[in-house]
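All of the numbers you see were taken from the coordinates with simple rules; none came from a lab. Predicted model, so just to flag it, every value in this text is computed and none were measured. Methodologically, a virtual Cβ is constructed for each residue, glycine included, from the backbone with ideal geometry; neighbour enumeration extends over all protein chains shown.
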């Protein structure tokens, strides 16, 4: 189970989402630049991101949950968010997706009121944060 | 019968003459008293009967009564200072007139050479003067014409003002030691120069007053300020409850707590569709009768949420994200609708052509109303099969209540 809490640290809203689909990603943001001198000496320049990592999740949600998560993004798309991922790790960072794109993917019964149809939607989220 | 002489003198003093009064008029009236005298007369009684005197009293007019009173005021002044002011002025003039009399002298200078020549006929010497002759002449002015005339009029007045006894002693002195007035006359013309001096020295009662007012003011103020300070410290305590029910993960169920100062939280309840129609409809916002009825879109439809925000990375590598609340937020639907008839496609094309760039209404397949613009009117329609057409469009929208 995923938990999004925003805005951090004065948390006001909490949304819970089911675990993401497979193929979630986690990567460091540090970069290395190599410079080679004429005598063959190698110099490397490292740029660290203060421990920040980029995470990529794909959620499969009901239409109702999509509306909730969409409302959460509209409110806190520029705020710091605390995320507790499916592994229990806590991250504090920002959403970096732009635009956020929800895709209606298929039918999913039963329909949950007040939505007239049962559907499942996919959304991919990019998130950059520092693990707490 | 005795005769008593009563002398009555009226002495009018008309003036002092060696200290003796001069009698100017004398009247002797003889009063005859009838009676006899026996023995010594010790007492003489006299009765004055004016009638006897034969004096007639005649009323000549109203009695005039006059009274005079001389009221003399005397003022005694205790002298503690100078009784009188003293003004002294010595004005001394010395005038001399010098007559610059030009004595015009005449000078004759003969620069000649006398040569004696002899007349050859008579042999008499003849003096012949050769050379230059110079003559200077001057005219002496007639005697008396160059007498200098100079009139120097001086007027000096000194006034004394009685100084009050209690006044401050003051004294004014003015002395003109020497005034020289020289008149020079260098020409024989008649000239007259009048030099008038007027000097006045006066003593006035002057009472110099010197007053020094020193103010010393001390103000002591006790300021009592009724200031109030108010600070509302909002402490909020929240208890997070993580529910494990399936509804929490599938339903619209955000946990919205209290708090101020942050962004507007999402609504706590799920939006409810305004219509229960299952078909989509594009319609004119001003004319609801102008619409196009469409099937619901295929799966794979997208709902894009585009936000304007600024992402910057600090030198230390931290990510800073900022967005102003008033910056625009764009929402776009990307829809693909299949299975349309030819008539529907043509109606759709006509509708899009008639509403290029303007807001149109859109009722989606869930029953929500939106208002927006079709952003890609040039997207072609595709015929997939016999009487089966597919359209695709992007609709940039915002919420709207019809």
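Here are a few things to note about the model shown:
- Residue B:354-residue A:46 FRET efficiency (beta carbon distance; Förster radius 45 Å; 0.05 resolution): 0.15
- Hull volume per residue, based on the alpha-carbon atoms of segment B:358-402 and their convex hull, is 92 Å³.
- Residue-averaged beta-carbon neighbours from other chains (10 angstrom radius) around A:67-75: 6
- Burial order of peptide ranges B:347-355, B:391-399 (average beta-carbon count within 10 Å, highest first): B:391-399, B:347-355
- Across peptide B:315-328, the average count of Cβ atoms from other chains found within 10 Å of a residue's Cβ is 4.
- Modelled this way, with points 7 Å down the Cα-to-C-beta line, the labels at residue B:275 and residue B:383 are 3.0 nm from one another.
- The Rg/Rh ratio for segment A:14-132 is 1.15, where Rg is the radius of gyration of the alpha carbons and Rh is the Kirkwood radius.
- Measuring how big segment B:267-402 is from its alpha-carbon positions, Rg and Dmax come out at 18.0, 63 Å.
- Averaging 1/r across all pairs of distinct Cα atoms in segment B:244-331 and inverting the result yields a Kirkwood radius of 18.3 Å.
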